[in-house]
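Student: Before anything else, here's the structure in question.
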Amino acid sequence: MSNYHIKHLEEYYQVYRKSVREPENFWEEIAEEHFMWRKKWDKVLSWDFSKPEVKWFEGAQLNITENCIDRHLATRGDKTAILFEPNDTNEASEKITYNQLYERVNKFANVLKAQGVSKGDRVCIYLPMIPELAISVLACARIGAIHSVVFAGFSSTALSTRINDSECKMVITSDGSYRGAKTIDLKGIVDEALKDCPCVDTVLVAKRINSEITMEAGRDKWLQPLLDEASSECEAEVMKAEDPLFILYTSGSTGMPKGMVHTTAGYMVYTAYTFKNVFQYRENDVYWCTADIGWITGHSYIVYGPLANGATTVMFEGVPSYPDFGRFWEIVEKHKVNQFYTAPTAIRALAKQGTELVEKYDLSSLKTLGSVGEPINEEAWHWYNDNIGKKKSPIVDTWWQTETGGIMITPIPFVTPTKPTYATLPFIGIQPALMDEHGEEIKGNQVDGRLCVKFPWPSMARTIWGNHQRYKDTYFSAFENKYFTGDGALRDEVGYYRITGRVDDVIIVSGHNLGTAPIEDAVNEHPAVAESAIVGFPHDVKGNALYGYVILKDTGEGRDHNNVRKEINQIITEHIGPIAKLDKIQFTSGLPKTRSGKIMRRILRKIAHKDTSNLGDTSTLLNPEVVQDIMDNAL
Ligand code: PRX
């Protein structure tokens, strides 16, 4: 079992060096020994970042679901694959064994086929965190359909934009969803979205909350009766290594969300290998990632990575605060969770509640704690380490992105000594580089710069759906022959990396990537708004919150500003979703602009941060006088 499971630091360095010196041999060995192939590859890697084009395991044939399900049946058929924990504590948890998962995925795959879905078709999945979500993802993969999961907190407009961009022919949804004490009318949101989606001919509806919904004849079908009739055997479609597995949208600095395309073989190999090592998963461990499958974290580390390793993966439907802020810890105790993976925003929200609800529960099963999605601040790191890990469970601060498919910079627990707020060392096979503003790589330690990656890794996104040029412009044009991440980072004296945050117009709020442009577009839809600019400012729970500077069309006199604020947030909720609401809205007479008409966000950011001692050079502005005015009225 060479190199698959790294157990000490020396071994890490040794394997890392090998993965960099002989990447093809290295990944070939991993792929060969640990996965099931219908046909092996002709070539391990071909790449050209100038196009950009990257291919891993070309010529290979496989089906990822055979790797995630079928091959475990002989030895792990009765082992729990998915452990579903419902929103409501009075509802029983559900254990889905590998045998049952096989049956349910195959039935679902047959339903998709019967409804006219075939290889290469796009299927939009808009479901809450119920087993059908993981099962429908796998069912798509079984028949070679490309899934596009849209987080079920997105609005109807955001949903229809994503459906149309990749021309999905089917939507899989539920009548509604539970979220803490609330229910959400998911089907109503889908109905609204589909008014603008001529490409969709079928909607499959899972029953979850038993609400009254309208079913459009000919288009909408209840899922369960179709499943009841379907056969539980569905031959897996034989896929090529580079066939798309899924599309997942992420925000960009401008306009349209980017449909990142992930392909089959490399994604499988890398997510499985990282899962095994980053969480040090051992047979019979119970692993829980609190993310939603609507995000990349859920794709890679709730579904594919864990199942490819035959793991038990927990799926939690609810929220950390329901019925009280002890819910996470109650679940850890109940299922004796061994690896727990969450986001800094959740840790901060829970830390605010004190430790009473933590102490109520037995957390002694925990071995490894994970963090993902945004920089974890020192205070949250220590709270997590002291109160949840009891100073004995290492925290893996994992840095990665929707685009990278898998974890890129991270400690390996019990292997890499951790350091608060540091993601520490590149994972095996990852070659990071820090770049200066002249496009030169900064060598040595105790330096900082823009974070790039200079060699391909198996799970990198291959393109943006329908827009390869944008893929090239966004990721491969800032620095020659390198993938640019959009993040800044520093490297300390021992070579540990610390991610310092985005260097573009993406703001991370509660761990969610939000582009400023689409939010500004939404704000500008308000009839009274002439122009707007959105920046982030520090927030003690969300990490960042949004600050909007808004110019009204008239002077705004006589207008109830609070009403306008509410209306603006209402429009944002409709266009994007409640996660993009503005915490502060300042009405202003102007925005600082360069002579070429570009908004100087640097200044707006400083004002929102209440850091106005050094605003830098404002003399080149077209309208320097507005700066004082904005400062005087800052919120
Ligand atoms: O800025 C980095 C931040 O989240 C961005 C990627 O967001 P997304 O594509 O939504 O994927 C999130 C889950 C993988 C990155 O560009 N980020 C993610 N993890 C960390 C982080 N920032 C600091 N530390 C992390 N551990």
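The values are calculated or read from the model by the stated rules, or taken from the named source; none is laboratory data. These figures come from a predicted structure and were not determined experimentally. Ideal geometry is used to build each Cβ from the backbone, glycine not excepted, and the neighbour counts take in all protein chains shown.
Student: Would you list the strands (runs of 3 or more DSSP E) that sit entirely within the stretch 128-235 and hold 2 or more residues that are on the phi < 0 side of the Ramachandran plot and in contact (Cβ under 8 Å) with a residue 60 or more places away in the chain?
Tutor: Result: 146-149, 177-179, 202-206.
Student: Let me confirm something: among Lys107, Lys7, which residue is more than 16 Å from Ala308 (Cα to Cα) and either aromatic (Phe, Trp, Tyr) or in a helix (DSSP H, G or I) (or both)?
Tutor: Of the residues listed, the single one that is more than 16 Å from Ala308 (Cα to Cα) and either aromatic (Phe, Trp, Tyr) or in a helix (DSSP H, G or I) (or both) is Lys107.
Student: Another one. Give the stretch 43-78 a look and list any residue that's farther than 18 Å from Phe26 by Cβ, touching a strand residue (DSSP E or B) at 6+ places or on another chain (Cβ under 9 Å) and in a loop (DSSP other than H, G, I, E, B), or say none.
Tutor: Phe49, Pro52, Gly59, Asn63, Ile69, Gly77, Asp78
Student: May I pose another question? Just one of (1) at pLDDT 95 or above; (2) over 22 Å from the mean Cα position of the chain (by Cα); (3) not assigned by the TED database to the domain that holds Lys51 trips up Gln469, so point out which.
Tutor: All conditions are met except number (3).
Student: Of all residues in the stretch 324-346, which are in contact (Cβ under 8 Å) with a residue 40 or more places away in the chain and over 26 Å from Ala81 (Cα atoms)?
Tutor: Once the filter is applied, which keeps residues that are in contact (Cβ under 8 Å) with a residue 40 or more places away in the chain and over 26 Å from Ala81 (Cα atoms), the stretch 324-346 yields Pro344, Thr345.
Student: Moving on. Please determine, by comparing only the residues of the stretch 364-386 that are among the polar types (S, T, N, Q), part of a loop (DSSP other than H, G, I, E, B) and within 14 Å of Phe340 (Cα to Cα), which one is farthest from the chain's Cα centre (by Cα).
Tutor: Ser364
Student: Of all residues in the stretch 153-184, which are charged (D, E, K, R), surrounded by 20 or more Cβ atoms within 10 Å (Cβ to Cβ) and either more than 22 Å from Gly120 (Cβ to Cβ) or modelled with pLDDT under 95 (or both)?
Tutor: Asp175
Student: A follow-up question, please. Here are some residues: Tyr301, Tyr249. Which one is under 15 Å from the mean Cα position of the chain (by Cα), within 22 Å of Asn513 (Cα to Cα) and not in a helix (DSSP H, G or I)?
Tutor: Answer to the check: Tyr249.
Student: Can you tell which of Ala522, Ala528 is away from the ligand (no atom under 16 Å from the Cβ), surrounded by fewer than 20 Cβ atoms within 10 Å (Cβ to Cβ) and either in the same structural domain as Met408 (by the TED database) or at pLDDT below 95 (or both)?
Tutor: Ala528
Student: Quick one: what pairs do we get from the stretch 499-513, first residue more than 10 Å from the ligand (Cβ to nearest atom), second small (Gly, Ala, Ser) and not in a loop (DSSP other than H, G, I, E, B), C-beta under 8 Å, 6+ apart or different chains?
Tutor: Hits for this filter: Asp505/Gly515; Asp505/Ala517; Val509/Gly536; Val509/Gly543; Val509/Ala545; Val509/Ala580; Ser510/Gly543.
Student: Considering each residue of the stretch 547-598, count those that are in a loop (DSSP other than H, G, I, E, B), acidic (Asp, Glu) and surrounded by 12 or more Cβ atoms within 10 Å (Cβ to Cβ), and give that number.
Tutor: Here the count works out to 1.
Student: Here's something else I'd like to know. Take Ser93 and decide whether it is surrounded by fewer than 21 Cβ atoms within 10 Å (Cβ to Cβ) and either free of Cβ contacts under 8 Å to residues at least 60 places away in the same chain or closer than 28 Å to Arg219 by Cα (or both).
Tutor: So Ser93 fails the test.
Student: A further question on this structure: If I filter the stretch 339-363 down to residues being assigned to a loop (DSSP other than H, G, I, E, B) and in contact with a helix residue (DSSP H, G or I) (Cβ under 9 Å, 6 or more places away or on another chain), which single residue comes out as nearest to Pro538 (Cα to Cα)?
Tutor: Checked the stretch 339-363; the qualifying residue nearest to Pro538 (Cα to Cα) is Ala343.
Results for (1) more than 16 Å from the ligand (Cβ to nearest atom); (2) more than 26 Å from Pro411 (Cα to Cα), shown as yes or no for each residue.
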| residue | (1), (2) |
| --- | --- |
| Val332 | yes, no |
| Arg348 | no, no |
| Ala351 | yes, no |
| Leu357 | yes, yes |
| Leu363 | yes, no |
| Ser371 | no, no |
| Pro375 | no, no |
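Student: Which of the residues belonging to the stretch 387-408 are near the ligand (Cβ under 7 Å from one of its atoms) and within 11 Å of the chain's Cα centre (by Cα)?
Tutor: Trp400, Gln401, Thr402, Glu403
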